[in-house]
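The structure under discussion appears below in the form of structure tokens.
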Amino acid sequence: MYTDWEDLKKACFGCDKCQLAETRTNLVFGVGVNDAEVLFVGEGPGEQEDLSGEPFVGRAGQLLDKYLEAIGLSRKENIYIANMVKCRPPQNRDPKPEEQDVCINWLREQVRLLRPKIIVCLGRISAQRLISPNYKVTQEHGEFFEKNGVLMMGTFHPAALLRDPRRKPDALTDFLKLRDKINEVCEQTKLPY
Ligand code: URA
């Protein structure tokens, strides 16, 4: 259990609890505002993230930033972004359940320090782990679920939107719902209409 971000970061950067530690260039801890009310959780770092140490900086990340900007959110001002696993899975394969099992403890510590009001799951991997094992992004995207006092929503992973741009209008609708929910439940984060 950690009481401050620096201690947590230091411990996390030394992690070698799964095989992904052996092939990482950089561990991708997370980025954003340390008391953000909204947390986004992706899957795991890709090549660009592994090289830079920052989540969502490649093409998918640039698309994510556009959706964030559309509703007045940004990693510099009012959100935090992390991943289910902190080290890049080789060839961008899905993180294995056993890798997620150990890495989720770092995410839990991040959630405990952040105490977000809303968690947005980007894609199937984080939604199935954090919302429900049977979660179907295509059917349940944009719906809010309450778990332990935190509102959780899943939406399309930006990499999936790059592969299938026909989903982009649905993704925008999800972000607009998110904006409304933020204005309803968040105390510090107020977004323009
Ligand atoms: N995809 C993710 O899920 N996370 C990242 O950080 C980058 C791409």
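The values are calculated or read from the model by the stated rules, or taken from the named source; none is laboratory data. Worth saying up front: this structure is predicted, and the values here are computed from it rather than measured. Methodologically, a virtual Cβ is constructed for each residue, glycine included, from the backbone with ideal geometry; neighbour enumeration extends over all protein chains shown. Only protein heavy atoms, including side chains, enter the accessible area calculation; ligands, DNA and RNA are left aside. Shrake-Rupley method; radii C 1.70, N 1.55, O 1.52, S 1.80 Å.
Points to keep in mind about this one:
- Intensity falloff of region 81-186 expressed as log10 I(q)/I(0), Debye formula with alpha-carbon point scatterers, at q = 0.12, 0.18, 0.21 Å⁻¹: -0.42, -0.95, -1.25
- Each listed q (0.18, 0.19 Å⁻¹) maps to a log10 I(q)/I(0) for region 1-110, found by the Debye formula over equal Cα scatterers with no solvent: -0.88, -0.97.
- On Cα atoms only, tilt of 168-185 relative to the major axis of the chain in degrees: 80 degrees
- Taking the longest Cα principal axis of the chain as reference, the axis of helix 59-70 is set at about 40 degrees.
- The dipole here belongs to region 1-99: it is taken about the Cα centre, uses +1 on the Cβ of Lys and Arg and -1 on the Cβ of Asp and Glu, and is about 220 debye.
- Area accessible to solvent at residue 16, 1.4 Å probe radius, in Å²: 120 Å²
- Counted over all Cα-Cα pairs of the chain, pairs farther apart than 27 Å make up 22 percent.
- In the full protein context, region 24-96 carries 40 Å² of accessible surface per residue, based on a 1.4 Å probe and ignoring ligands, DNA and RNA.
- Whole-percent carbon and sulfur share, accessible surface of region 65-193, 1.4 Å: 49 percent
- Rg and Dmax [Cα atoms of region 31-89; Å; Rg one decimal, Dmax integer]: 11.0, 31
- Since only 158, 130, 45 are under comparison, the one whose Cα sits farthest along the positive direction of the charge dipole of the chain, derived from C-beta charges on Lys, Arg, Asp and Glu, is 158.
- Protection proxy ranking of 119-125, 130-136 - average other beta-carbon atoms within 10 Å, highest first: 119-125, 130-136
- Here the chain is treated with +1 on each Lys and Arg Cβ and -1 on each Asp and Glu Cβ, and its dipole about the Cα centre works out to around 360 debye.
- Protection proxy ranking, highest mean first, for peptides 150-161, 82-93: 150-161, 82-93, where packing is the per-residue count of other beta-carbon atoms within 10 Å, averaged.
- Put 74, 126, 52 in order of accessible area, highest first, and with a 1.4 Å probe you get 52, 74, 126.
- The lysines whose alpha-carbon is closer than 22 Å to the alpha-carbon of residue 136, local same-chain residues fewer than 8 away aside, are 96, 147, 168, 177, 181.
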